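The values are calculated or read from the model by the stated rules, or taken from the named source; none is laboratory data. Worth saying up front: this structure is predicted, and the values here are computed from it rather than measured. Glycine also receives a Cβ, built like all others from the backbone with ideal geometry; neighbour counts cover every protein chain displayed.
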């Protein structure tokens, strides 16, 4: 029964995160992008902090390391992630989700630059090249018009993925002992404050008049289900299966997002988009081939004998 529950939670997480990309598309019709991201993390951060205050061994940062890791995560993993919202103004949910699935590959690149023990093999370098070729296949920039809205939007989504990757490596370098739930909650709240400041500085116009019920529903879905609840599921999977298996969800999310965008928003799905996703997935498999082999061997050794 435990295995069925684990599969259900894995697929549920993929569905929640996959549905967030079309939800952002819908919400952007009402909310300015940076404010939209800030509001998402306002609500989700407060919900997770309330949960952490009840369940965690300690829920407030205590040390300098705790404060540093919250600031780094809030800046790179939360505030930097607002570039996804800005980029999705000029690209589809499916394309954005596929480019965003670069995070595991970009995390390896960031780790190589920031963690001295990380090294690339020749096959790993091929995996990087294949993954980036997938992004190029999706973006297909026109040399005569590199600043076209679609190209810039896809570039901003890639920068959001890079920001999250850098943040995750900085978190790995930290000596903080803050539990995951309060760490994530405080990071979201710090990021939300930075995003509200960014919204003001970029001159985003405040909402005029009543907010449509659909927009409020989308915001509630993103904040409560696709962020607060989804991260609790992610923490459980991470604790029980480790980062490699859990982060495979990154390659189910684009399938959900692309299918949902096609069904609900009538977004086109081109052969270039599908091919780019396959290349990004292939790049990840090449980069993580040794770890994946080890996981497969472990899984086979733990299977009960017939």
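Annotations for the structure displayed:
- Selection count where residues are touching a helix residue (DSSP H, G or I) at 6+ places or on another chain (Cβ under 8 Å) and within 19 Å of residue 33 (Cβ to Cβ), scope region 148-177: 16
- Helices (runs of 4 or more DSSP H) fully within region 217-306 that include at least 3 residues being in contact with a strand residue (DSSP E or B) (Cβ under 9 Å, 6 or more places away or on another chain): none found.
- Screening 244, 237 for residues that are loosely packed, with under 14 Cβ neighbours inside 10 Å and touching a helix residue (DSSP H, G or I) at 6+ places or on another chain (Cβ under 6 Å) leaves exactly one candidate, 244.
- Flag if residue 127 is in a helix (DSSP H, G or I), more than 18 Å from the chain's Cα centre (by Cα) and surrounded by 21 or more Cβ atoms within 10 Å (Cβ to Cβ): yes
- Selection count where residues are over 18 Å from residue 74 (Cβ atoms), touching a residue at least 24 places away in the same chain (Cβ under 8 Å) and not in a loop (DSSP other than H, G, I, E, B), scope region 175-216: 2
- Restricting attention to region 78-99, the residues that are surrounded by fewer than 24 Cβ atoms within 10 Å (Cβ to Cβ) and assigned to a helix (DSSP H, G or I) add up to 4.
- Complete set of residues in region 39-64 that are farther than 12 Å from residue 192 by Cα, surrounded by fewer than 17 Cβ atoms within 10 Å (Cβ to Cβ) and under 24 Å from the mean Cα position of the chain (by Cα): 50
- Any hit, region 138-145, residues being modelled with pLDDT of 85 or more, within 20 Å of the chain's Cα centre (by Cα) and not in a loop (DSSP other than H, G, I, E, B): yes
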